[in-house]
C-alpha cells in the first residue's frame, strides 16, 4: 500500500493501531501510546525528521516533513500540548517502542 499524504496515512492508521502496536492503546483512544511507532512509520514513508516534546506522560514523538509539523497521534491528549520541536532520532523513537510493535504496524498498513 502506498500513501500519498500524511492525511491519507492518518485515515489508515486509525484502523491499524491496536494493542499490538502499543500496550497503551484503547478502543476509546486509539492514538494513545502510538506516537513513537507512528513517527517511525511516517519517516519511512515521507522522510523528514522525528521531533519530540516533553509532556506530563513522558516524551512525545512526531514528525517534521518539509518544514511542516505532522503529529498524527496528538488526538491522544485531552488538552493541548507544548511543542518543543526538539530534534530526535529513530533510535530514541525505537527506545519507546519495540521491533514487534513496529513490524505489526507496518504489516497492518500493508507495508
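Using 0.36 nm per residue, how much length does the chain from residue 74 to residue 100 gain when fully extended, once their Cα-Cα distance is taken away? Walk me through the intermediate numbers first.
Working: separation 26, 0.36 × 26 = 9.36 nm, distance 2.27 nm.
Extending this stretch completely gives an extra 7.1 nm.
Can you tell me the equivalent ellipsoid semi-axes for the chain? Use √(5λ) from the Cα gyration tensor, largest first, whole Å. Kindly include the intermediate steps, with their values, before the conclusion.
Working: eigenvalues 67, 55, 36 Å².
Value: 18, 17, 13 Å, ordered largest first.
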(request) First obtain the Kirkwood hydrodynamic radius of the stretch 1-46 from its Cα pairs, then insert it into the Stokes-Einstein equation at 25 °C and 0.890 mPa s, and state the resulting D in µm² per second as a whole number. (result) 227 µm²/s
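For a Förster distance of 22 Å, can you work out the FRET efficiency between the beta-carbons of residue 65 and residue 111, rounded to the nearest 0.05? Write down the numbers at each step before the final one.
On the way: r = 17 Å, r/R0 = 0.78.
Calculated transfer efficiency: 0.80.
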(message) For the chain, set up a GNM with springs between Cα atoms under 10 Å and report which of 78, 39, 18 has the largest fluctuation.
(response) 78
(request) Would you mind calculating the gained length between residue 5 and residue 44 on full extension (0.36 nm times residue separation, minus the Cα-Cα distance), in nm to one decimal? (result) 12.8 nm
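Mind checking the full-extension length gain between residue 86 and residue 23? Use 0.36 nm per residue of separation minus the Cα-Cα distance, one decimal, nm.
Numbers: separation 63, 0.36 × 63 = 22.68 nm, distance 2.50 nm.
Using 0.36 nm per residue and subtracting the Cα-Cα distance, I get 20.2 nm.
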(request) Would you mind telling me which residue in 87, 27, 56 has the biggest mean-square fluctuation in a Gaussian network model of the chain, where springs connect alpha carbons within a distance under 10 angstrom? (result) 56
(request) Going by C-beta contacts inside 10 Å, put 97, 2 in order with the fewest on the left. (result) 2, 97
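Throughout, read-outs are computed from the coordinates displayed, never taken from laboratory work. Because the structure is a prediction, the values reported are computed rather than measured. Heads up, the Cβs are rebuilt from the backbone with ideal geometry, glycines too, and the neighbour counts pull from every protein chain shown.
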